[in-house]
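S.K.: Here's a structure for you.
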Amino acid sequence: MEFFSQTYVALRGPQGQPQTASETIGRLSDRLSPATLLADRRAAVLALKGLARDHKQDVGDRALPGLLDVLSNDAEIDSDVGKAVLETLIILCEVDATNKELGFKYTDSVLATEKAVYVLFALLGDNNFYTRFSTIQYLGILLQNRRQVVQGYFLKAPNAARNIITILEDKREIIRNEALAMVQALVAQSSDIQKVLAFEGAFERLFNVVQQEGGIEGGVVSQGALTCVDGLLRFNTSNQSYFKETQLPPVLCSLLLYPLALPPQESAPQEFALQFWDEQKAVNAGLVIGILGMLIGTKSSGSQEGWGFIRCLVEIGLASNAPTKLKTQSLRLLPTNMNFPLSQLVVTPYMPVPETNGEEWDRLEPASALDALVELVLHGEYNGLDSAKRLKDGLELRAAAAVVFENFVNNDEIRNAILQAMLPADNASTSPVTPLLHALASAPDTSDVNLAQISSTHFACLLFAHLLRSSPRAKSTARVIKPGPLQSQANVDAGQFFVPADGTPPSVTPATPADDDPPQTLLQLLSENLSLALLARSRPDISDRESREWDRIVVGYLTLLSQWLWEDPKSVRDFLDAGGLGALVEPINQVSESDILVPSLCAFLLGSCYEFNREPGEITRNTIHQIINRLGIDNSVAQVARLREDDRFRAIGPESVVQASPLATKPVAPQKPADQEEAEIWFDWAFVDFWKSNYYTIQRAFPADPNQVSASAGQTPETAMLIASLREVIRKQAEEIESLQKQLNERTSQPDEVPKLREQVAELTAQVFKSVEREKDLEKEQEDLLVLLDEVTNKRKHDKSRLKEAGLEVSEDEAEDDDEEDE
């Protein structure tokens, strides 16, 4: 009753006359003065709290200074006053949709000095539930409105870091959960606060929360704790170094149920590979995987623990039933300098049993991680189970796997070992057909559009381009690959790469017997497949979707050939001899405004053939130059440049190669998630970077005379340096002659010195003439050496052909390497 009486007295006007809200707020504000009794101040704060919702501006303008005084003087003494004043301040500083400016205005008033923030961080140490809970809430609002100001005060506030750790240890879940949200905002973009909390023991407290909640199955609480850990580590190398020296990194793998000390020869346990996943668990696992990725970037990948982290990510990406997004994330976080032995690691993939809704799984035959990676790129998840649907998340997974393959084959020894495995055996005329080689060499089915086959061939082109790019040795090896008879595509789609461990392998249709013709090289097969795809693309009775799919497979062939033939005259000669030139002309000649992608790539490849056609053969540079003239030099140059205008090319970035399909069927209801919509891939970033670096060279090549030899052709670096040095000597001597002539003119009055100066001028002039003659002799000698070298090369070729006719063994690789060095 006393409370109601005091409140009534505070609100009553003179002689009981009614008052306006503004007058009432003014009287209540006066009651907040320290001169009044604590009970009066408590009553005034409670009354202002009730008025703050409806009269926020009046309460803030007139009572905010008094409320801050009550917070500083009374909140620690009286928990009821503390709770009421904090809740009132929360109402005033909260940014609502009706009037955002008021919330920011009162936040700035509170943060004008550090006094109020110091009090708030001190109140975190108060064990009273309502005081601590309201303080955390209010700090969260201040951080949301003016984070940097609060962070600056935190670093100066006494015992602030210790109190933060205290609330993370609070046994009351409501307070602890609210504290996790506040800490996330507190550590954001502040490396100093991240370091302070890390050394106060924040990592240990946060992992205790995760484990108390049941690991990654702990719901949103585990998510909040793991988000805090991520915030403390990301972009903070100091904290990362500190964290990896603690005992906590192995806990990350245990949260995913992966044993870090797993021997290399043993497969991952089934409880790790096969788990039940829901959306919240996937989010929590994604946070753990993200932290593992940071540690892989800082911890030496050669250490046992670092290799354990990498293997954990590889197992998730290639041999688990984790959601597709988690697999994609795991593969993207693998280090770019991929020195992990993928070819030696054996993984055991799994495949869902049809019509069991993912509750039953078949264990498949163990395979090397490299084979599983290539299989994932070529056919998609679970051996192409849903590859025909071409969903966005599935394509992103395959693109991430392709990037892992690219990083892995950056090592020349690895890429050459892979290519050597595709060469014919000693007593065989054809190469063994690997999955990659099968997808490359298989002819496109022109009778029907097979989405799975087109995607497989397109990705195979991307993978093979990674093996050849910027490697003359790899291109030389690839030229002699001769794929053997190919099995039917049905066998590949049925899953010939993996077979169930507890079942029998699927029946394999025998390959079609080869005819009497000699086996073709891979480059010849690619040329024929390109011609077939271009022919199918030009049919008038195909739909827009079919036309787009044929464009996709043509783009795959053209991008691979563009990178293969670049700076490789022998490959250009093989391509021209296989009839590839004729397939390029028609798309360039029949270009339309809506069709610029394929003609542009054909023009680029035509320019590459013209620029690097330096081997003798039936199709010479003159032949190609005549074709370019008929097409129009300006037209060819413009066709190459137009590739930059295509949206499918412009949208490619280092991290974004998957694009939404414009032909995707629009759902009637309900709307599908973005990752479940149909998507497509046209290029990878490696080709885009290659094209942007070299397209200008091709544009300059079109108007070049066919008999013109490149300025750098036939000139060794030593010769160029010698000529440059002689020219520098001539320049210096010419300057010295000019200086002496000036001296001679100045001293014409001194006849004794004139003869000496004339002698010096004559000597220097003779030296200049000798240098000029020496330079001419060097140039003539260089021309003679080039002629001799050409004669020797022709003689070697003639001798090799005679040796082959005689049935003797000839070392092809060594001869080709020598030819390339001469070029």
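S.K.: For the list (1) under 17 Å from L561 (Cα atoms); (2) under 29 Å from the mean Cα position of the chain (by Cα), I need the number of the one condition that V480 fails.
M.R.: Of (1) under 17 Å from L561 (Cα atoms); (2) under 29 Å from the mean Cα position of the chain (by Cα), only one is false for V480: (2).
S.K.: Related question: Given (1) in a helix (DSSP H, G or I); (2) closer than 18 Å to A578 by Cβ; (3) under 39 Å from the mean Cα position of the chain (by Cα), identify the lone condition not met by I627.
M.R.: (3)
S.K.: Just to be sure, is V449 open to solvent by 40 Å² or more (accessible area, probe 1.4 Å), of a type in the set (A, V, I, L, M) and either touching a Lys or Arg at 6+ places or on another chain (Cβ under 7 Å) or in contact (Cβ under 8 Å) with a residue 24 or more places away in the chain (or both)?
M.R.: no
S.K.: Give the number of residues within segment 165-196 that are more than 20 Å from R146 (Cα to Cα) and open to solvent by less than 60 Å² (accessible area, probe 1.4 Å).
M.R.: Result for segment 165-196: 9.
S.K.: Out of (1) under 23 Å from G632 (Cα atoms); (2) surrounded by 22 or more Cβ atoms within 10 Å (Cβ to Cβ), the odd one out for I553 is which?
M.R.: (1)
S.K.: So which residues in segment 309-324 are out of contact with any helix residue (DSSP H, G or I) (no Cβ under 6 Å at 6 or more places or on another chain) and open to solvent by 10 Å² or more (accessible area, probe 1.4 Å)?
M.R.: Residues satisfying the conditions are R311, N321.
S.K.: Show the residue pairs that are 6+ apart or on different chains and have beta-carbon atoms under 9 Å apart, the first residue being within segment 210-222 and over 16 Å from L257 (Cβ atoms) and in contact (Cβ under 8 Å) with a residue 60 or more places away in the chain, the second being part of a helix (DSSP H, G or I) and among the β-branched types (V, I, T).
M.R.: V220/V283
S.K.: Let me ask something else about it. Looking only at segment 68-111, count every residue that is under 25 Å from T36 (Cβ atoms) and either open to solvent by 70 Å² or more (accessible area, probe 1.4 Å) or under 43 Å from the mean Cα position of the chain (by Cα) (or both) and tell me the total.
M.R.: Matching residues across segment 68-111 total 6.
S.K.: What are the residues in segment 98-127 that are aliphatic (A, V, I, L, M) and touching a helix residue (DSSP H, G or I) at 6+ places or on another chain (Cβ under 9 Å), if any?
M.R.: Keep residues of segment 98-127 that are aliphatic (A, V, I, L, M), which gives 102, 110-112, 116-117, 119-120, 122-124.
If the condition is that a residue be aliphatic (A, V, I, L, M) and touching a helix residue (DSSP H, G or I) at 6+ places or on another chain (Cβ under 9 Å), then L102, V110, L111, A116, V117, V119, L120, A122, L123, L124 are the ones that fit.
S.K.: Can I ask one more? So R53 passes all but one of these: (1) surrounded by 16 or more Cβ atoms within 10 Å (Cβ to Cβ); (2) of a type in the set (K, R); (3) modelled with pLDDT under 90. Which condition number does it fail?
M.R.: Unmet condition: (1).
S.K.: If we keep just the residues of segment 521-544 that are in contact with a helix residue (DSSP H, G or I) (Cβ under 8 Å, 6 or more places away or on another chain) and not in a helix (DSSP H, G or I), which is modelled with the highest pLDDT?
M.R.: This residue is T521.
S.K.: Among the residues of segment 379-389, which ones are of a type outside the set (F, W, Y) and open to solvent by 10 Å² or more (accessible area, probe 1.4 Å)?
M.R.: Once the filter is applied, which keeps residues that are of a type outside the set (F, W, Y) and open to solvent by 10 Å² or more (accessible area, probe 1.4 Å), segment 379-389 yields H379, E381, N383, G384, L385, D386, S387, A388, K389.
S.K.: Does segment 172-186 contain at least one residue that is touching an Asp or Glu at 6+ places or on another chain (Cβ under 6 Å) and charged (D, E, K, R)? Reasoning before the result, please.
M.R.: Here is the first cut: in segment 172-186, the residues touching an Asp or Glu at 6+ places or on another chain (Cβ under 6 Å) are 176.
With charged (D, E, K, R) added as a condition, the list becomes 176.
Yes.
S.K.: Determine, yes or no, whether D393 is modelled with pLDDT under 95, farther than 20 Å from P264 by Cα and surrounded by fewer than 19 Cβ atoms within 10 Å (Cβ to Cβ). So that I can check it myself, show each step before the final result.
M.R.: Numbers: modelled with pLDDT under 95: yes; farther than 20 Å from P264 by Cα: yes; surrounded by fewer than 19 Cβ atoms within 10 Å (Cβ to Cβ): no.
No; evaluated as a whole, the condition is false for this residue.
S.K.: Among the residues of segment 112-164, write down those that are open to solvent by 20 Å² or more (accessible area, probe 1.4 Å) and charged (D, E, K, R).
M.R.: E114, K115, D126, R146, R147, K156, R162
S.K.: Considering only residues of segment 325-345 that are open to solvent by 30 Å² or more (accessible area, probe 1.4 Å) and either farther than 16 Å from A369 by Cβ or in a helix (DSSP H, G or I) (or both), which is modelled with the lowest pLDDT?
M.R.: N337
S.K.: Out of curiosity, is F154 over 32 Å from the mean Cα position of the chain (by Cα) and among the hydrophobic types (A, V, I, L, M, F, W, C)?
M.R.: In short, yes.
The values are calculated or read from the model by the stated rules, or taken from the named source; none is laboratory data. Worth saying up front: this structure is predicted, and the values here are computed from it rather than measured. Because the Cβ atoms are built from the backbone with ideal geometry, glycine has one as well, and the counts that use them run over all protein chains shown. For accessibility, only protein heavy atoms count, side chains too; no ligands or nucleic acids. Shrake-Rupley method; radii C 1.70, N 1.55, O 1.52, S 1.80 Å.
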